[in-house]
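The values are calculated or read from the model by the stated rules, or taken from the named source; none is laboratory data. Fair warning: this is a prediction, and the values are worked out from it, not measured in the lab. No Cβ is skipped: glycine too gets one built from the backbone with ideal geometry, and neighbour counts run over all protein chains shown.
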Amino acid sequence: MIPDPELVRRTLAEGAFHFGPLVQRHSDYIFGLNMRLTSGNRALAQDITQQTFLNAFTYLKSFDRTKAFKHWIAGIAVNCFKDAIKKENVYVSADAPNFSNASNPYKPSLEGFHTPEPEMDSAFLALIEPLNMEERALVILRFVYEFKIAEIGELMALNPGTVKSKLSRATQKLGKLEQDGQDAPDAPNAPKGRDKKKKVV
């Protein structure tokens with residue numbers, strides 16, 4: 001399998017057709033992230049996923065090939081989610097935003113790709129519903145995808161201290177469950193390679 005950095009290099013040097021394998025390789029991961037960010041709104045998650053790969057292609061020159069492509073594109077996905085919600089002024093909507101971009105010669109598409117419905121934990125989604133957009137992203141990245149504090153800071157352009165502070169406020173909001181004598185639901189279906197739940201440290 002051709003490594004991600006080499007596919008990036010070939011895309012920049014030889015053309016957009018080398019970008020297709022990157023989309024196929026990471027579409028399920030990004031789609032699953034967006035499904036959770038949008039509380040299971042498949043149409044909205046799919047549109048944000050397509051915009052994520054479109055932005056990734058547009059700004060591919062900025063990718064640091066010494067770092068993980070999956071990490072970089074996850075940050076783009078979070079930013080696309082935030083932009084979409086601000087633009088539409090909704091969190092979950094039956095009318096997904098249209099992300100057409102005729103000025104860009106490359107239009108990534110999920111058509112024909114394997115994008116299974118991620119198993120959504122309804123209790124977890126209900127738990128994070130009171131959180132604002134940024135807090136939801138932080139909680140999902142930390143407790144579902146188990147990114148480190150420094151990684152989240154890099155993804156969301158926040159310093160580690162700010163990430164800790166915002167996560168602390170988010171978990172305080174969720175603390176009402178503990179006051180009722182309940183434990184917060186375990187983070188659902190963490191992606192492979194990030195198996196252990198971590199504390200906010």
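Quick notes on this structure:
- Filtering ILE76, ILE2 for residues that are among the β-branched types (Val, Ile, Thr), within 18 Å of VAL139 (Cα to Cα) and surrounded by fewer than 22 Cβ atoms within 10 Å (Cβ to Cβ) leaves a single hit, ILE76.
Residue-wise test of (1) within 21 Å of HIS26 (Cα to Cα); (2) polar (S, T, N, Q); (3) modelled with pLDDT of 55 or more.
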| position | (1), (2), (3) |
| --- | --- |
| LYS148 | yes, no, yes |
| LEU177 | no, no, no |
| PRO185 | no, no, no |
| LYS192 | yes, no, no |
| VAL201 | no, no, no |
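- Residues of the stretch 12-44 satisfying the condition of being of a type in the set (Ser, Thr, Tyr), surrounded by fewer than 21 Cβ atoms within 10 Å (Cβ to Cβ) and on the phi < 0 side of the Ramachandran plot: TYR29
- Residue in the stretch 122-133 that is under 19 Å from ALA77 (Cβ atoms), modelled with pLDDT of 85 or more and of a type in the set (S, T, N, Q) present: yes
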